[in-house]
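Read the structure below first, then the notes.
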Amino acid sequence: MEEFHRIRRLPPYVFEQVNRAKAAARNAGADIIDLGMGNPDLPAPAHVVEKLKETAGKFRTDRYSASKGIAGLRRAQAAYYGRRFSVKLNPDTQVVATLGSKEGFANVAQAITAPGDVVLVPNPSYPIHAFGFLMAGGVIRSVPCEPGPELFHALERAVMHSIPKPTALVVCYPSNPTAAVADLDFYKDVVAFAKKHDLIVLSDLAYAEVYFDDNPPPSILQVPGANDIAVEFTSMSKTFSMPGWRMGFAVGNERIIAALARVKSYLDYGAFTPVQVAATAALNGPEDCIREMRETYKRRRDVLVESFGRAGWEIPPPRASMFAWCPIPKPFDTLGSIDFATMLVEKAEVAVAPGLGFGEHGDGYVRIALVENEQRIRQAARNLRRFLETGPEKLHNVVPLAQSR
């Protein structure tokens, strides 16, 4: 039977080949060190878990909740922006709680996109940045990911040559997958460009608290006038190690936030109320758990860079995020990211995410997630060393000799 219209717009799941290789290896008894999915392994803070337990089962907490988030949670998020970024938000009109930032991004795309609208999206980038708009009927025009002059040159060309004119721009810093970071001057230029060309800006700031150089990533909303055109998405998944709780936020421009809230009101009743109460406790509570999370990922990053480097694979040290964005090492760079990632599973018992899954411009890279402890990362490096020492032989087992020269 013919695929449904929206399903036809979605490409095959790029990570599936690697997932099949992982499943086959594990079924055969292999101990796969999985550095692929960005799924935090750290526990949620104890006081947040206790608040969940305390609230669950209380009178009325089992009933439908509020799709835009309970009032206390929205006030807590506004207070966080005030403390962290010195940005003042109205919790009633400028804050919506989402079922993770991914859901918020997809639903804001539904809210603001007309069929055929052109949206400017970094390539490589987190898949929902593009596919949220594709599912909403939009058209994607790729622009570079790095926050520099090349990006603005590409934006100028896109505005000049796209028909119809682009309606929105996506930015994501610290970047998933590349770990690129942006400063406030960059955001000032983005806001000026967006206002000049009548663009909405959607900023993904999911990794706001995962940074390693004592230079906290800024928010686009710190730029004067950004509230006129911008909405920003944050998540509790990484900051508080709460990925399965599915709690995130969209904040910023009142018109866009109202449109998102209206779409959500037709689709869900919000997260389970005890989860929202616990999330409120996280935002209002002590921040030592955030510092501990940051220190853990920094130690893992340092071990990854050092041990993989000694094994023969130089890893550029990320300044932020829980990922390293790694060029495929020679002589394997002729393979492409999917075949290389599959080979790592089969020959080194290490899983990584193929860069092609984040866009065609990611195909020369893989993404490594810091989701295993330091001992396991060192074990991955030992496996990798053995793999790289016999690299040409193993390469010839995968591709014809003529391709590997």
Note to self: I'd like the full set of residues that are open to solvent by 70 Å² or more (accessible area, probe 1.4 Å), within 22 Å of the chain's Cα centre (by Cα) and free of Cβ contacts under 8 Å to residues at least 60 places away in the same chain, limited to the range 288-307.
What the structure shows: R291, E292, E295
Item checked: Scan of the range 245-255 for residues that are more than 17 Å from the chain's Cα centre (by Cα), open to solvent by 10 Å² or more (accessible area, probe 1.4 Å) and not acidic (D, E), ordered by number -> N253, R255
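Right, S67: farther than 28 Å from A324 by Cβ, among the hydroxyl-bearing types (S, T, Y) and open to solvent by 40 Å² or more (accessible area, probe 1.4 Å) or not?
Details: farther than 28 Å from A324 by Cβ: yes; among the hydroxyl-bearing types (S, T, Y): yes; open to solvent by 40 Å² or more (accessible area, probe 1.4 Å): no.
No.
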Check: Taking the range 5-55 only, how many residues are modelled with pLDDT of 85 or more and either farther than 29 Å from A341 by Cα or among the acidic types (D, E) (or both)?
Finding: 15
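Yes or no, residue by residue, for (1) surrounded by 23 or more Cβ atoms within 10 Å (Cβ to Cβ); (2) under 16 Å from A109 (Cβ atoms):
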position: I163; (1), (2): no, no
position: L221; (1), (2): yes, no
position: E232; (1), (2): yes, yes
position: A258; (1), (2): no, yes
position: L267; (1), (2): no, yes
Next item on the list: Could you please tell me which pairs satisfy a Cβ distance under 8 Å, a separation of 6+ or placement on different chains, a first residue in the range 1-30 that is touching a residue at least 40 places away in the same chain (Cβ under 8 Å), and a second residue that is aromatic (F, W, Y) and surrounded by 11 or more Cβ atoms within 10 Å (Cβ to Cβ)?
Entry: L10/F131
Check: What pairs come up if the first residue lies in the range 42-59 and is open to solvent by less than 60 Å² (accessible area, probe 1.4 Å) and hydroxyl-bearing (S, T, Y), the second is modelled with pLDDT under 95 and not in a helix (DSSP H, G or I), and their beta carbons are under 6 Å apart, counting only those six or more places apart or on different chains?
Finding: T55/T61
Check: Can you name the residue in the range 387-405 that is surrounded by 12 or more Cβ atoms within 10 Å (Cβ to Cβ) and part of a loop (DSSP other than H, G, I, E, B) and is also modelled with the lowest pLDDT among such residues?
Finding: V399
Next item on the list: Considering only the range 309-331, state which residues are outside any loop (DSSP other than H, G, I, E, B), touching a Leu at 6+ places or on another chain (Cβ under 7 Å) and surrounded by fewer than 24 Cβ atoms within 10 Å (Cβ to Cβ).
Entry: A311
Checklist line | From the options A271, A278, A282, residue that is modelled with pLDDT under 95, farther than 19 Å from N90 by Cα and open to solvent by less than 20 Å² (accessible area, probe 1.4 Å) | finding: A271
Next item on the list: Run down D34, D41 and say which single residue is in contact with a strand residue (DSSP E or B) (Cβ under 6 Å, 6 or more places away or on another chain) and farther than 23 Å from T273 by Cα.
Entry: D34
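Name the strands (runs of 3 or more DSSP E) wholly inside the range 184-268 in which the number of residues that are of a type in the set (D, E), more than 22 Å from Y64 (Cα to Cα) and without any contact (Cβ under 8 Å) to a residue 60 or more places away in the chain is 1 or more. Show your work before the answer.
On the way: elements: 200-204, 230-235, 248-252.
Where strands (runs of 3 or more DSSP E) fall fully within the range 184-268 and carry at least 1 residues being of a type in the set (D, E), more than 22 Å from Y64 (Cα to Cα) and without any contact (Cβ under 8 Å) to a residue 60 or more places away in the chain, they are 230-235.
With F131, F152 as the choices, which residue is of a type outside the set (G, A, S) and over 23 Å from A226 (Cβ atoms)? Write out each step before concluding.
Details: F152 fails: over 23 Å from A226 (Cβ atoms).
Step by step, each of F131, F152 is checked, and only F131 is of a type outside the set (G, A, S) and over 23 Å from A226 (Cβ atoms).
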Check: Restricted to the range 350-386, and to residues that are in a loop (DSSP other than H, G, I, E, B), over 17 Å from the mean Cα position of the chain (by Cα) and modelled with pLDDT of 95 or more, which residue is surrounded by the most Cβ atoms within 10 Å (Cβ to Cβ)?
Finding: E372
Next item on the list: Within the range 112-130, identify whether any single residue is crowded, with 20+ Cβ neighbours inside 10 Å and either basic (K, R) or more than 30 Å from M37 (Cα to Cα) (or both), and answer yes or no.
Entry: no
Next item on the list: State whether one or more residues within the range 148-161 are buried (at least 20 other Cβ atoms within 10 Å of the Cβ), modelled with pLDDT of 95 or more and either assigned to a loop (DSSP other than H, G, I, E, B) or of a type in the set (S, T, N, Q) (or both).
Entry: no
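In contact with a Ser or Thr (Cβ under 9 Å, 6 or more places away or on another chain), of a type in the set (A, V, I, L, M, F, W, C), buried (at least 23 other Cβ atoms within 10 Å of the Cβ) and in a helix (DSSP H, G or I), is that true of V170? Let's see the steps before the verdict.
Numbers: in contact with a Ser or Thr (Cβ under 9 Å, 6 or more places away or on another chain): yes; of a type in the set (A, V, I, L, M, F, W, C): yes; buried (at least 23 other Cβ atoms within 10 Å of the Cβ): yes; in a helix (DSSP H, G or I): no.
The answer is no for V170.
The values are calculated or read from the model by the stated rules, or taken from the named source; none is laboratory data. Only a predicted model underlies this, so the values are computations on that prediction, with no experimental measurement involved. So basically every Cβ, Gly included, is an ideal-geometry build from the backbone, and we count neighbours across all protein chains shown. Side chains are part of the model used for accessible areas, which takes the heavy atoms of the whole protein and leaves out ligands, DNA and RNA. Shrake-Rupley method; radii C 1.70, N 1.55, O 1.52, S 1.80 Å.
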